[in-house]
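The values are calculated or read from the model by the stated rules, or taken from the named source; none is laboratory data. Owing to the predicted nature of the structure, the values given are computational and were not obtained by experimental measurement. So basically every Cβ, Gly included, is an ideal-geometry build from the backbone, and we count neighbours across all protein chains shown. Calculation scope for accessible area: heavy atoms of the full protein, side chains included, ligands and nucleic acids excluded. Shrake-Rupley method; radii C 1.70, N 1.55, O 1.52, S 1.80 Å.
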Protein chains: 4
Amino acid sequence: MHSFPQHLLDGHAHFMSGRYAREKGRIRDMAEAGQTPTTMIIACCDSRAAPELIFDAGPGELFVLRNVGNLVPPYEPDGNQHGTSAGIEYAVKVLNIANIVIMGHGRCGGITAALDPKFRPLDKGDFIGKWLTMLGDLPSQLGQNGLLTPSERQTAMERISIRNSIRNLRSFPYVAALEEEDKLAVHGAWFDISTGELWVMNESGDFIRPEL
Amino acid sequence: MHSFPQHLLDGHAHFMSGRYAREKGRIRDMAEAGQTPTTMIIACCDSRAAPELIFDAGPGELFVLRNVGNLVPPYEPDGNQHGTSAGIEYAVKVLNIANIVIMGHGRCGGITAALDPKFRPLDKGDFIGKWLTMLGDLPSQLGQNGLLTPSERQTAMERISIRNSIRNLRSFPYVAALEEEDKLAVHGAWFDISTGELWVMNESGDFIRPEL
Amino acid sequence: MHSFPQHLLDGHAHFMSGRYAREKGRIRDMAEAGQTPTTMIIACCDSRAAPELIFDAGPGELFVLRNVGNLVPPYEPDGNQHGTSAGIEYAVKVLNIANIVIMGHGRCGGITAALDPKFRPLDKGDFIGKWLTMLGDLPSQLGQNGLLTPSERQTAMERISIRNSIRNLRSFPYVAALEEEDKLAVHGAWFDISTGELWVMNESGDFIRPEL
Amino acid sequence: MHSFPQHLLDGHAHFMSGRYAREKGRIRDMAEAGQTPTTMIIACCDSRAAPELIFDAGPGELFVLRNVGNLVPPYEPDGNQHGTSAGIEYAVKVLNIANIVIMGHGRCGGITAALDPKFRPLDKGDFIGKWLTMLGDLPSQLGQNGLLTPSERQTAMERISIRNSIRNLRSFPYVAALEEEDKLAVHGAWFDISTGELWVMNESGDFIRPEL
C-alpha cells in the first residue's frame with residue numbers, strides 16, 4: 001500500500017495550525033452537540049466546484065452531498081439503494097435542514113457526456129451512462145440543431161438539468177409538504193468555474209446574478 | 001420561492017474578493033484546460049467532515065464524492081443507477097486519478113443509525129435504511145455485548161466500514177488492475193471531528209496518526 | 001404643427017454649452033475634412049441600446065446604422081431599395097471602415113416578436129412581420145420545447161440572430177474579400193440592457209465578457 | 001477573428017463607471033418595465049450627426065432609426081422587406097410614440113451623392129444608388145444652373161429631402177390619422193455639423209433656429 005498522499009498530509013497540517021487552531025472551541029462544541037447545518041448543498045464531484053470553497057464555508061455550516069453532475073433522482077421508494085435520496089432523507093428528516101440548494105456548474109463533464117452523441121460506455125458496468133439516464137430524454141429534446149454553439153448547449157443543459165433535479169426533489173412528499181408549510185426552501189444555483197460568478201435561480205427558473 | 005440563503009451569498013462574496021482574486025489566473029486556466037486532480041476523496045456529507053477544509057485544499061485539487069456514511073458499494077454492473085460507482089468510474093476512467101481515499105469520521109450519524117437496533121424508517125421510502133444495508137450484517141457481527149463503550153463501538157464500526165468500503169472498491173476490476181500496475185493507490189482515513197486529528201490506514205488495516 | 005419637443009431643445013442646449021463647447025475645434029475640423037470613423041455599428045432602434053451611450057463615443061467616432069432588431073440581410077443585388085445594405089456599402093466603399101460591429105441586446109422587441117407564435121400584423125402593411133422574415137425559419141428551428149425558459153429562448157435567439165447577420169454580412173463580396181486581406185474586421189456584440197454588460201463574440205461564436 | 005476594437009471596450013468601461021453607475025436604478029427599471037420613449041428620431045448614419053449626442057439624451061429617451069441620408073420611403077405595403085417602414089410601424093403601433101423627428105444634417109454624403117451627376121455605382125449591387133432613388137427626380141428638379149453655390153445646393157437638397165421624407169411619412173395611414181387626432185406630431189430638423197446649430201422646420205416648411 002502506498003504512503004498516504006503527501007499533499008493531503010501537508011494540507012491537513014495547515015488545517016491544524018490554521019483554521020483548527022482558530023476555531024477549536026467551536027469545532028469541539030459541534031463534535032459534542034452534533035451538527036446543525038441549516039443548508040444542504042447537492043453539488044458535483046468536480047474539483048473546481050467545491051461548495052466549501054465557493055461559499056467560503058467553515059466546519060458545521062454545510063451538509064454536502066456530491067455526485068457526478070449534481071443530479072437528484074425522482075422519489076422512488078422501490079427498496080433499492082439510493083444514495084442521493086438517502087442524503088436528502090437524512091438532511092430533511094434528521095437534520096431538519098431549512099434550505100436545499102442544487103448547484104450545477106459550467107463545463108460539467110457529466111453534462112458534456114450526456115450531450116455527446118458519441119459517448120460510449122467506458123467499462124461494461126457503464127455506471128456513468130446509467131447514472132446519466134436520470135436526465136431522461138432532455139438531451140435529445142434540447143436537440144442538435146446547430147443553432148446554439150456547443151458552449152451554449154452545454155450551459156443550457158446544465159441549467160435544464162438543475163431545473164429537472166429541482167422538480168425531482170419536489171417529488172419527495174416531505175420536501176413538497178415542508179415547502180408548502182414554509183419550513184423548507186429549495187434553491188437552484190449555477191457556478192461559473194471560470195469567472196467565479198454565482199448565478200441563482202429565480203421564480204421563473206432563470207439564472208441571474210443576485211449582486212447585479 | 002425564498003430568496004437565496006444570505007450566508008451563501010456572503011460567503012461567495014468573500015470567496016470572490018479573497019481566494020478567487022488571488023488565484024484567478026490558475027482558476028481560469030483550469031476552466032479552460034479541464035480539471036486534473038490526482039486524488040479522489042469519498043467522504044461523508046457531514047458538515048463537520050468537509051475534505052476541502054480538512055486538507056486545506058484549493059480549487060482543482062480534489063475530486064470529491066460525498067454520501068451518507070462515505071460508503072462504497074461492491075461492483076454491481078446490473079444496469080441500475082449507482083451514483084457512487086459512477087463517481088469512481090469517472091475518477092478512474094476519465095480523470096486517471098492516482099489516489100482514491102475513503103475517509104470516514106467520528107460520530108458519523110450514518111454509522112450510528114446502522115448500529116442502532118431501534119432505528120426505524122423515517123419515511124416509507126426508507127432510503128437511509130436501504131442505503132445502510134451496504135454494511136450488510138457487519139453491525140450485528142460487531143455485536144451488542146457491552147464490552148465496548150458506545151463510543152468505542154461507534155469508532156470501531158466507522159473503521160470497519162472504511163475497510164469494508166475499501167474491499168468493495170477493490171472489487172471494481174479496473175481499480176484492482178490499476179493498483180496491481182502501481183498506477184492507482186487506495187487509501188483509508190478517519191477524521192476525528194473533535195480533535196481535528198487525521199488517522200490513516202496502514203497495510204494491516206489499522207488506523208494510525210502519520211505524524212507520530 | 002406642434003412645437004418641437006422641448007426635451008430635445010433642452011438637450012441640444014446642454015450639448016451646445018457642454019460637449020460642443022469643449023470639442024468645438026475638433027467638431028469644426030471634422031465638418032471641413034469629412035468624417036473618418038473607423039468603426040461602423042449596426043444596432044437596434046431600441047432607446048435602451050444606443051451605441052454612443054454604451055461606448056461613450058463622441059462626434060465622428062462611430063458610423064451608426066440602426067434598424068429594428070439590428071438585422072443584416074444577405075447580399076441581394078436585385079435592384080430594390082435596401083437601406084441596411086446601402087449603409088454597409090457606404091461604410092466600406094466610401095469610408096473604408098476598418099471594423100463592422102453588429103450589436104444586439106437583451107429584451108429586444110424585434111426578437112420577441114419573431115419568437116411569438118401569436119404575433120399578428122399590426123397593420124395591413126405588416127412591415128415588422130416582413131422585416132423579421134430576415135430571420136428565416138431560425139425561430140422555429142430553435143423550437144418551442146419548453147426546456148428553455150422564455151428568457152433563455154429570447155437571449156438564445158438574440159445571439160443566433162447576430163451570428164446569422166454576421167453570416168449575411170459576409171455574403172457581401174467586398175466584405176469577405178477585405179476580411180481575407182485583413183483590411184476589415186467583423187465583430188458581434190450583445191448588450192445587456194439591465195446590467196450594462198457588453199458581451200463580445202469570439203471565434204467560436206460564443207458571447208463572452210472581455211473584461212473577465 | 002480580430003480582437004474587439006479597443007476604443008469600444010475603453011468607451012464601454014467609461015460608460016460603466018460613469019453613466020451606468022449614476023443611472024443604474026433607472027436603467028434596471030427600464031429593462032424590467034420596457035422602453036417608453038416618447039420621441040422617435042430618424043437620422044443619418046453619419047458619425048457627426050448622432051441624435052444622442054446632439055440632444056444630450058440618456059438611455060430610454062430616444063427611439064432612433066438611422067439610415068443613409070435619413071430617408072423615409074412612402075407607404076408601400078408590397079410584401080417586401082422595408083426596414084425604415086418597419087421602424088416607423090414599431091414606433092407608432094408598439095411604442096405609441098408621440099413625436100417623430102426626421103433630422104437631416106449638413107454635408108450629408110448621401111445627399112452629395114444624389115446631387116452628383118458623376119456618381120457611379122461603387123459595386124454591382126449599387127445599394128447606395130438604388131437607395132437614393134427614394135429622392136426620385138428631386139435632384140434634377142433642383143437643377144444644375146450654377147445660381148446656387150455647391151454648398152447652397154447641398155443644404156437646399158438636404159432640406160428638400162427632409163420635406164419629402166415628411167410627406168412620405170404622412171403617407172402612412174396611421175401617421176396621418178394620429179396626427180389628425182393630435183396624438184402624434186411630425187417634425188423636421190436639420191443639424192449644422194460645423195456650428196452645432198439645430199434648425200427646426202416650421203409650418204411653412206422653413207428651417208429656423210428656435211432660440212432666436
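Data for the structure
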quantity: Net charge contributed by nearby residues that have their C-beta within less than 12 Å of residue B:211 (K/R +1, D/E -1); calculated: -1
quantity: Net charge, residue D:13 excluded, C-beta distance under 9 Å - Lys, Arg +1, Asp, Glu -1; calculated: -3
quantity: Distance (nanometres) between label positions extended 7 Å along Cα→Cβ at residue B:133 and residue B:7; calculated: 3.5
quantity: Per residue solvent-accessible surface (Å²) - the stretch A:59-212, probe of 1.4 Å; calculated: 34
quantity: Residue (of A:100, A:205, A:53) at the positive-pole extreme of chain A, dipole from beta-carbon charges; calculated: A:53
quantity: Total charge dipole magnitude, the protein assembly as shown, about the Cα centre, Cβ charges on Lys, Arg, Asp, Glu only, Debye to nearest 20; calculated: 40
quantity: Total formal charge among the other residues, if their Cβ is under 14 angstrom from that of residue A:135, Lys/Arg +1 and Asp/Glu -1; calculated: +2
quantity: Lysines whose Cα lies under 21 Å from that of residue C:183, excluding same-chain neighbours fewer than 8 positions away; calculated: C:93, D:124
quantity: Label geometry 7 Å along the beta-carbon vector: residue C:28 inter-copy distances in nm; calculated: 4.5, 4.6, 8.3
quantity: Across the identical copies, how the residue B:174 labels are spaced - nm, sorted shortest first, 7 Å along Cα→Cβ; calculated: 3.6, 5.8, 6.2
quantity: Dipole in debye (nearest 20) - chain C, about Cα centre, beta carbon charges: Lys, Arg +1; Asp, Glu -1; calculated: 460
quantity: Chain D: relative contact order as a whole-number percent, Cα under 8 Å and 6+ apart; calculated: 21
quantity: Centroid-to-centroid separation of the stretch D:87-135 and the stretch D:41-59 [C-alpha atoms, Å]; calculated: 15
quantity: The stretch D:1-88: GluC sites (Glu not before Pro) falling in loop per DSSP and having at most 15 other Cβ within 10 Å; calculated: none
quantity: Beta bridge orientation in the protein assembly as shown: antiparallel %, DSSP, nearest 5; calculated: 25
quantity: Over chain C: helical MRE at 222 nm, DSSP H runs n ≥ 4 each giving -39500 (n - 2.57), nearest 500; calculated: -10500 deg cm²/dmol
quantity: Nearest residue to the symmetry axis between C and A, taken on chain C by its Cβ, in whole Å; calculated: C:143, 3
quantity: DSSP bridge orientation in chain B - percent antiparallel, rounded to nearest 5; calculated: 25
quantity: Distances in nm from residue B:142 to the matching label points in the other copies, shortest first (labels 7 Å along Cα to Cβ); calculated: 4.3, 5.7, 9.7
quantity: With Cα atoms, 0 to 90° folded angle of helix C:6-15 axis to chain C main axis; calculated: 60
quantity: R0 of 30 Å, Cβ-Cβ distance residue B:24-residue B:93: FRET efficiency to nearest 0.05; calculated: 0.45
quantity: Estimated vicinal HN-Hα couplings, Hz - the stretch B:192-209 in sequence order (Karplus 6.51, -1.76, 1.60; Gly, Pro = x); calculated: 7, 6, 9, 8, x, 6, 10, 10, 10, 7, 9, 4, 8, x, 7, 9, 10, 9
quantity: Under 14 Å from the residue A:116 label point (7 Å along Cα→beta-carbon), backbone N, the stretch B:31-46; calculated: B:34-35
